[in-house]
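The values are calculated or read from the model by the stated rules, or taken from the named source; none is laboratory data. As the structure is a computational prediction, the values presented were derived from the model and not from experiment. Neighbour counts run over all protein chains shown; Cβ positions are idealised from the backbone, glycine included. All accessible areas refer to the heavy atoms of the entire protein, side chains included, with ligands and DNA or RNA removed. Shrake-Rupley method; radii C 1.70, N 1.55, O 1.52, S 1.80 Å.
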Amino acid sequence: MKRIIANLCFLLFALSLNATIRTVSNSPATLAQYNSIQAAIDASNSGDTVYIHGSGTGYAGATIQDKSIALIGPGWSPTTSPAAKAFVGSIFISGNSNNSMIQGLYLAGNNQNPNNGGIGIFLNNDLSGISLIRNTFTFNACIYVPCGGGTMTNLLIEGNCFYSSTIGVQHNCWGTGPVFFNDVLVTNNVFVGTGRFALLNYATNVVFDHNLFYGSDGGYSPFAGQYLLIKNNVFVGRHFSSTDNSIFQNNITYNTNGNNPPWTYSNNSGTGNIDNTNPQMVAQTDVNNGTFNLLLDFSISSGAA
């Protein structure tokens with residue numbers, strides 16, 4: 001047994017040695033190997049990592065095709081000097097690109113829907129193991145699965161901020177096959193304004209855990225889907241509809257526009273939920289006002305939450 005473990009550790013170490021780190025910057029003040037994300041991806045093999053420097057100039061979008069690549073930017077609040085974010089265009093992931101990761105990038109949609117050429121991360125169907133971590137999506141920059149049917153499996157969406165942006169299936173898909181979502185975890189994200197999930201109608205083991213939804217929702221429900229597990233989330237100033245046959249556990253709602261608790265209708269069920277109670281976050285006043293600020297303190301000072 002010791003020999004087997006030792007050989008496995010050696011194999012994993014050997015595989016890690018084959019991975020390459022590449023750097024990208026479009027700023028003359030920052031040294032890097034490449035000045036575009038696509039050039040770095042094209043030079044990479046599966047298992048490689050591309051680091052994208054923050055810049056005052058946005059980067060053009062890129063496509064990951066038939067490779068497992070990690071794209072890593074400085075995050076939504078970099079502590080570098082200067083504290084520059086990595087603003088990027090649309091990222092397309094397709095083909096055999098399982099286990100790719102997008103982390104620390106900033107996608108600004110300028111209020112143009114990705115259906116009509118706007119900014120987004122597009123996950124083409126039949127992908128597995130995709131991780132989207134610590135990214136920022138604003139003004140209708142979205143995570144979309146295009147029309148046509150297929151399956152998304154083992155999808156992780158963690159630590160992101162969505163300001164008036166959507167996760168879900170691309171709209172206007174009449175006459176095409178359904179998209180299936182299996183084993184999806186959405187955790188520790190912040191959704192402001194109309195940030196929401198759309199058209200998750202074919203879901204198996206899709207879990208929303210420890211997320212915050214707040215702000216004026218424009219009439220959109222946080223969820224549009226069926227057979228979801230929704231637990232340990234905080235909802236402030238949102239209203240609910242279009243969520244069916246789902247389970248709500250240990251959530252808290254506050255100022256939800258007079259709606260009945262979502263776990264009481266549309267064949268939903270729930271345990272341990274708290275309705276219309278102030279979560280008492282440190283930044284509760286800003287949350288009540290729907291303020292979009294990446295540096296708000298959402299920690300709980302006291303109370304039921």
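For the stretch 164-305, the relative contact order comes to 17 percent (Cα pairs under 8 Å, sequence separation of at least 6). The listed peptides 122-134, 286-298, ordered by packing as a protection proxy, come out as 122-134, 286-298 (highest mean of other Cβ atoms within 10 Å first). The Stokes-Einstein estimate for the stretch 15-170, based on a Kirkwood radius over Cα pairs and taken at 4 °C with 1.567 mPa s viscosity, is a diffusion coefficient of 84 µm²/s. Solvent-accessible area assigned to carbon and sulfur over the stretch 197-305 amounts to 44 percent, based on a 1.4 Å probe. Rg and Dmax of the stretch 206-300, based on Cα coordinates, read 12.7, 37 Å.
Taking 0.36 nm per residue of separation and subtracting the Cα-Cα distance, full extension of the segment from Thr204 to Ser46 would add 54.0 nm. Peptide packing for 87-93, 136-142 was compared via the average number of neighbouring C-beta atoms within 10 Å per residue; ordered from the highest value, the list is 136-142, 87-93.
When only alpha carbons are used to place a centre, the stretch 122-144 and the stretch 203-280 end up 22 Å from one another. Across the chain, C-alpha contacts under 8 Å between residues 6 or more apart give a mean separation that, scaled by the residue count, equals a relative contact order of 9 percent.
Remark: the stretch 50-57, residue by residue, has Karplus-estimated 3J(HN,Hα) of 10, 8, 10, 6, x, 7, x, 10 Hz, where x stands for each Gly or Pro and the curve is 6.51 cos²θ - 1.76 cosθ + 1.60 at θ = phi - 60°. Carbon-plus-sulfur accessible fraction, the stretch 29-84 (probe radius 1.4 Å, protein heavy atoms only): 51%.
Each residue of the stretch 292-299 was assigned a 3J(HN,Hα) from its phi angle through the Karplus curve 6.51 cos²θ - 1.76 cosθ + 1.60 (θ = phi - 60°); the sequence is 8, 8, 5, 10, 5, 9, 9, 5 Hz, with glycine and proline shown as x. Rounded to two decimals, the Cα radius of gyration of the stretch 227-274 over 2.2 N^0.38 Å is 1.00. Compared with the direct C-alpha span, the chain from Asn276 to Ala39 gains 80.2 nm at full extension, assuming 0.36 nm per residue. If R0 is taken as 51 Å, the Cβ-Cβ distance between Ile247 and Ala29 corresponds to a FRET efficiency of 0.50. Accessible surface area normalised per residue over the stretch 151-305 is 42 Å², counting heavy atoms of protein chains with a 1.4 Å rolling probe. Normalised radius of gyration (Cα atoms, divided by 2.2 N^0.38 Å) for the stretch 43-111: 1.14. Neighbours of Pro279, meaning other residues whose beta-carbon lies under 14 angstrom from its beta-carbon, give a summed charge of -2 when Lys and Arg score +1 and Asp and Glu score -1.
Residue by residue, the stretch 124-133 carries 3J(HN,Hα) couplings of 5, 4, 6, 10, 9, x, 7, 10, 10, 10 Hz when phi is fed to the Karplus relation 6.51 cos²θ - 1.76 cosθ + 1.60 (θ = phi - 60°); x denotes Gly or Pro. Using all Cα-Cα distances in the chain, what percent lands in each 20 angstrom bin from 0 up to the longest? In whole percents, the pair-distance histogram is 32, 54, 13, 0.
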